[in-house]
Every structure is written in C-alpha cells, then in structure tokens.
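Working notes, beginning with the structure itself.
Where a number appears in this text, it was derived from the coordinates with a stated rule and is not lab data. These figures come from a predicted structure and were not determined experimentally. No Cβ is skipped: glycine too gets one built from the backbone with ideal geometry, and neighbour counts run over all protein chains shown.
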Amino acid sequence: MSNEKRLKIAIQKSGRLAEQSLKLLEKSGITLAKSRDQLLCRAENFPLDIFLVRDDDIPAFLATDVCQLGILGQNALLEKQALGNGKFADLRQVLPLGYGKCRLSMAVPHDFPYQSLASLEGKVIATSYRGLLSDYLTANNIKADIVTMEGAVEVAPRTHLADVICDLVSTGSTLISNGLVEKDVILRSEAVLVSNNIADEQIAALAEKVTSRIKSVLLAKNSRYVMLNSPTDSLAAIKAVLPGSQSPAVMPRQGRDDIVAVHAVCEEGVFWDTMEELKANGAKSILVMPIEKMLD
Ligand code: PRT
Ligand code: ZN
C-alpha cells in the first residue's frame, strides 16, 4: 500500500455552501472517487481526501488537525473563534471565495423605536451568534440580554422571546416577511478557505498547490479576454477604458496603418456599458470571451 501523504480538506456536506465548494474543488482539477453520501471521499487524481461534514464542525476538524484546509462562512469561523477560548486561534483565513455572501445584522420590529445601537440598552436580543454579538455589544458599550436560538431566530420578537434579533441576512426577504427591519450590520461574510498551521512540509506543499489552483480558478472566473480593433490615434483612450487590464498586446493589422488589434485580459467585469464606451472611443469588432484557466 502506498504511504503517500494526503492533504485533508473539510467542506459542507449539504447546505448553502455545499454545491459551490465541491464545484470549486472540481474546477481546481480535483475529482472525487466515491459518492458524496460518505463522510470521506478520496480524490482520484490528487493526494487529497475530502471530509463532507456540517459547517459548524469544520473549525474543530481543523483545530484537531483531522483536516488541514476547510471551506466555511467567515461568520461561522469567527463565531467559533469568539467563543472558543483560544482553541481556534490558530485557524487562518487564506482566501475569500466570492460565494455564500451574507451579513450578520441587527433587526428590529417595525414599531420598535430604534434610533441607534444605544436603543438596545437593556433589551433582549435573540441570535445564533452569541459570541460575535456579545463582542460587538461590549465594543460599543451596550448592555443587553442575549437569548441563543439554533434556528428560526426571526420569529423571536413575534413570540415575545426577544425584543429584537441579530441574524444572517442575504436577500432580506425573511426579515420582510416577519415584519422586521434591518439596522446595524455587525459583520459582512462570505465563504472562505481556512487553514490550520501545517507542520508537515509535504502536506504544506500540497495545501499551497490547492490554494494556488483555487486562486487561479477565481481569477479566471472574474476575468475576460477582450479582442478589438482600435484606430491608431485613439489607442490611449481605448486602453484607459479596458477594465483591470495591465498591459494589453497591441498588434499591427496587415495593410492598415490606421488601425491596430488590441488583445487584453481584463481582471474585472466587462459589462455592456464598458463595451459601449469602447465603441464610443472608436473601437470596432469588440469580442469578449470567458477564460477557462489562468496561471500567473
Ligand atoms: O447543516 P449545516 O450545519 O452544515 O448547515 P447550516 O444549516 O448551519 O448552514 P447553511 O447551509 O444554512 O448556511 C451555511 C453558510 O451559508 C452560513 O454560515 C453563511 O456563511 C452562508 N449564508 C449565506 C447564509 C445565508 N446566506 C442566509 N441567508 N446562511 C444562512 N442564511 C439564512 C439566515 O439565517 C436566515 O434564516 O437565511 C435566512 C435569511 O435569508 P434571506 O435571503 O431571506 O435574507
Ligand atoms: Zn451549521
């Protein structure tokens, strides 16, 4: 049997981050050998095992070195760190991943007389984020009672369990349908790649390789390859309009000295208004293409 060392990475088994986390690994060239119903899946083509677990358990998998990398919401990591008495202090956010975006916010009933955070003095606040909330209240010198709830936090004011709530919000529709209004944002969060302190050199090198591949996937996802023809005398204006492009390639067109071809990798979104601005500056035959892979 091979005694090759294997990196272990923990991702959410099912829930809001599960699909995208798995897709991100797959796009990074890591394919699973077994079904997703198991706790542990071996990657076929990379010395890596994937643990499919509840997001709340990922910090413990990392802190105990069962896994060296994990993907979870910043909110979940920071909450564990806030409550963990230093147990999770060594866990490091390596890379924001751009999905699972949400915010942890205070929300109050429509008829609650909210002027500022000070309006919460002496009130009862329901939340699943006791650690982050109590740090926030302490930092702002507010004394309030916290009621911890595992779910359905938004019903707490209606059932008189609490005066106000502190919960995750993404679209805001849950708050609206429960007659609540969003106030202070305590934290903005997204899914993040987290690492523990990796002592083993070989495992650290594998983690570095996976991280670098994920970075490349994210960069390619946000980037576009742009090709266009530019009048020679408006080249400077056109270069200035290309978003997030360092140094476009400029090539002569055979038999034409009035136009040049411009090829650029734009590391920001290329929207219709950018294309219209390019056109207004004289650009012709503008092509915008997705990039499949990119390695710096
Ligand atoms: O089973 P497991 O423990 O793994 O999953 P879970 O049920 O604890 O977590 P899950 O899958 O619901 O969320 C995982 C992560 O997704 C969270 O830790 C956040 O980082 C992120 N995320 C992004 C969200 C939301 N958006 C979100 N809207 N997590 C929860 N919500 C809930 C929120 O609590 C509220 O009940 O959605 C409701 C509000 O949504 P809107 O769209 O109506 O505002
Ligand atoms: Zn959870």
Does Asn45 qualify as being under 18 Å from Val210 (Cβ atoms) and loosely packed, with under 12 Cβ neighbours inside 10 Å?
yes
Considering Leu104, Leu69, which residue is crowded, with 16+ Cβ neighbours inside 10 Å, among the aliphatic types (A, V, I, L, M) and within 20 Å of Ala204 (Cα to Cα)?
Leu69
Are any of the residues in segment 85-92 more than 28 Å from the chain's Cα centre (by Cα) and not acidic (Asp, Glu)?
no
Considering segment 42-74, residues that are more than 16 Å from ligand 1 (Cβ to nearest atom) and of a type in the set (A, V, I, L, M, F, W, C), and then whichever is nearest to the chain's Cα centre (by Cα), we arrive at Leu69
Going through segment 168-207 in order, the residues found to be more than 19 Å from the chain's Cα centre (by Cα) and acidic (Asp, Glu) are Glu182, Asp184, Asp200, Glu201
On the given criteria, is Ile71 within 16 Å of ligand 2 (Cβ to nearest atom), of a type in the set (A, V, I, L, M) and closer than 21 Å to Ser212 by Cβ?
yes
Spot the failing condition for Asp135; the list is (1) outside any loop (DSSP other than H, G, I, E, B); (2) within 30 Å of Leu218 (Cα to Cα); (3) not β-branched (Val, Ile, Thr), and only one is missed.
(2)
Which count do you get for residues in segment 170-186 that are in contact (Cβ under 8 Å) with a residue 24 or more places away in the chain and within 6 Å of ligand 1 (Cβ to nearest atom)?
1
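Conditions tested, residue by residue: (1) touching a residue at least 12 places away in the same chain (Cβ under 8 Å); (2) touching an Asp or Glu at 6+ places or on another chain (Cβ under 6 Å); (3) basic (Lys, Arg).
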position	(1), (2), (3)
Arg188	yes, no, yes
Ser223	yes, yes, no
Met227	yes, no, no
Gly244	yes, yes, no
Gly255	no, no, no
Asn281	yes, no, no
Lys284	yes, no, yes
Leu287	yes, no, no
Met294	yes, no, no
Name the residues in segment 232-275 that are in a helix (DSSP H, G or I), closer than 30 Å to Leu295 by Cβ and among the hydroxyl-bearing types (Ser, Thr, Tyr), would you?
Thr274
If the Cβ limit is 8 Å and pairs must be 6+ apart or interchain, which residue in segment 135-163 that is under 13 Å from Ile125 (Cβ atoms) and within 16 Å of ligand 2 (Cβ to nearest atom) pairs with which residue that is among the acidic types (Asp, Glu) and not in a loop (DSSP other than H, G, I, E, B)?
Val153/Asp167
Which of the residues belonging to segment 75-88 are among the small types (Gly, Ala, Ser), touching a helix residue (DSSP H, G or I) at 6+ places or on another chain (Cβ under 7 Å) and either within 20 Å of Leu39 (Cβ to Cβ) or away from ligand 1 (no atom under 15 Å from the Cβ) (or both)?
Ala76
Tally time: how many residues in segment 9-38 are part of a loop (DSSP other than H, G, I, E, B), in contact (Cβ under 8 Å) with a residue 12 or more places away in the chain and away from ligand 2 (no atom under 16 Å from the Cβ)?
6
